[in-house]
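Please treat every number below as a calculation from the coordinates, not as lab data. Predicted model only: the values in this text are computed from it and were never measured. Cβ placement follows ideal geometry from the backbone for every residue including glycine, while neighbour counts extend to all protein chains displayed.
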Amino acid sequence: MNLRNKKCEICGKEAEIFLFGRFLCKNEKCIEEARKLSMARHKFRVVAVGSLNPVKIEAVKEGFEKVLGTVEVIGVDVESNVSSHPIGLEETYKGALNRAKNAFNKVQCSYGVGIEAGLINVGGHYVDIHVCVVYDGIKETVGMSQGFEYPKIVAENILKGIEGGKIAEKLTGIKDIGKNVGLIGYLTDNHITRKDLCRESVIMALIPRMMKNRNLF
């Protein structure tokens, strides 16, 4: 976007970014004021989730409302720009970050949220974790779920490039298992489901955004 000759709509200084439907400088007070004005136009804060997966959308809504209060959550179809089942913490984080930023940039919202599941090697065991990134146009905050060991047959096939969801469906007989209880739900008899892991990662990512914690991060 061309910012030439544009002024910050809050303080009148030279504009450096376009956020919340306004030209702004990068002063944090101006950005926060623009965020408040944007929120005032909506009944609730709008949170864009970088996925159409209902499990992720519900988990984001529950996590945000537990920590920050009532929000309007919408799913946005975006690319993660990583493999279908990331390997390693770095690739998993990048997938979550890309989803969060792509969702934020696609619709008008207060926050973009990305959740990505990936496998990490822990002493030769492949552990599944969910990484969440919450992006507000300036900075991102990060959280992670608890992890669980993937069955060897599933992990080995993922490492060969076969989509994990398809293998899990064949193993469990549950169609669209990733949009349902997840492999964790099957393995634990639903004591813990994929939504639980997603919600946990969201809450962890919101810790720096809690009012009492903001000066710590």
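Of the residues 95, 164, 118, the one that moves most in a GNM of the chain with alpha-carbon contacts below 10 Å is 164. Relative contact order of region 167-217: 19 percent, from C-alpha pairs under 8 Å at least 6 residues apart in sequence. Scanning residues 5 or more positions from residue 13 or on other chains, those with amide H under 5 Å from its amide H are 8, with H placed 1.01 Å from N in the peptide plane. Of all segments of the chain bounded by GluC sites (Glu not before Pro) found in a DSSP loop with no more than 15 other C-beta atoms within 10 Å, the longest spans 80-162. Only the Cβ atoms of Lys and Arg (+1) and of Asp and Glu (-1) were treated as charged; on that basis the dipole of region 1-151 about its Cα centre amounts to roughly 880 debye.
Only helices enter the 222 nm calculation for the chain: every DSSP H run of n ≥ 4 contributes -39,500 (n - 2.57), and dividing by all residues gives -11500 deg cm²/dmol, rounded to 500. For the residue pairs 29/66; 13/212; 13/94; 61/160; 56/94; 13/66, the alpha carbons lie more than 28 Å apart in 13/212; 13/94; 61/160; 13/66.
Between region 94-141 and region 195-213, the alpha-carbon centres lie 12 Å apart. On a 0 to 90° scale, report how tilted helix 194-206 is relative to the longest principal axis of the chain, with both axes built from alpha carbons and the result rounded to the nearest 10. Tilt relative to the chain: about 30 degrees.
Volume per residue of the convex hull around the Cα atoms, evaluated for the chain, comes out as 128 Å³.
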